[in-house]
1. Just want the answer: with Cβ charges of +1 for Lys and Arg and -1 for Asp and Glu, which residue in LEU32, ILE95, GLN44 is farthest toward the dipole's positive end in the chain?
2. Using 7 Å Cα-to-Cβ label points, what is the ILE82/LYS3 separation (nm, one decimal)?
3. So what are the ³J(HN,Hα) numbers for the range 20-32, from phi and the Karplus equation (6.51, -1.76, 1.60; θ = phi - 60°), rounded to whole Hz, Gly and Pro as x?
4. Between ILE54, ILE84, ILE13, find the one with the highest GNM mean-square fluctuation for the chain; connect C-alpha pairs within less than 10 Å.
5. Give, in nm to one decimal, the length gained when the segment between LEU93 and HIS70 is fully stretched (0.36 nm per residue of separation minus the Cα-Cα distance).
6. What percent does the relative contact order of the chain come to when contacts are Cα pairs within less than 8 Å and at least six residues apart?
7. Around SER88, with a cut-off of 11 angstrom between Cβ atoms, what is the net charge of the other residues, counting Lys and Arg +1 and Asp and Glu -1?
8. Could you give the nm distance between label points at ASN22 and SER57, where each point is 7 Å from its Cα heading toward the beta carbon?
Amino acid sequence: MKKFSVYLGLFLIVAGIPIFLNSKSADAEFPLLVGLFTLFISSQAKEDERSTSIRSSSAFFALILGYTYHLVVNNLYQHQMITIHLTSINSFLVIVFALANIIRYARLYIFMA
């Protein structure tokens, strides 16, 4: 069952990226958001205190980075330096969960190997 949630998350991410980029629907980011969240909360084969600590600290760090990115992008948009404007909370959550997954798996498999 642990592997199923990882595969489901990866499937929703792979299916959600083209939907998010090509669809004009207001709810186009939901498959990507659900996939990122599912991948983030999925358990590892060996779930111990270290992996739990890495998961929570990755979420905190991703929240800080995501909010900083959100503030910078909105400030640049207000000064008419870029044309991208992040208005939806779902776009912010996609950024946060994407960063949290990248940080988590990098810390688990690259830096702690």
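FYI, it's all coordinate maths here, none of it is from the lab. Owing to the predicted nature of the structure, the values given are computational and were not obtained by experimental measurement. Cβ coordinates were reconstructed from backbone atoms using ideal geometry, including for glycine residues, and neighbour counts include every protein chain displayed.
1. The residue sitting most towards the positive pole is GLN44.
2. 4.0
3. 5, 7, 9, 8, 9, 5, 6, 9, 5, 8, 5, x, 5
4. The residue with the greatest mean-square fluctuation here is ILE84.
5. 7.2 nm
6. So the answer I get is 28 percent.
7. Net charge in that neighbourhood comes out at -2.
8. It is 4.1 nm.
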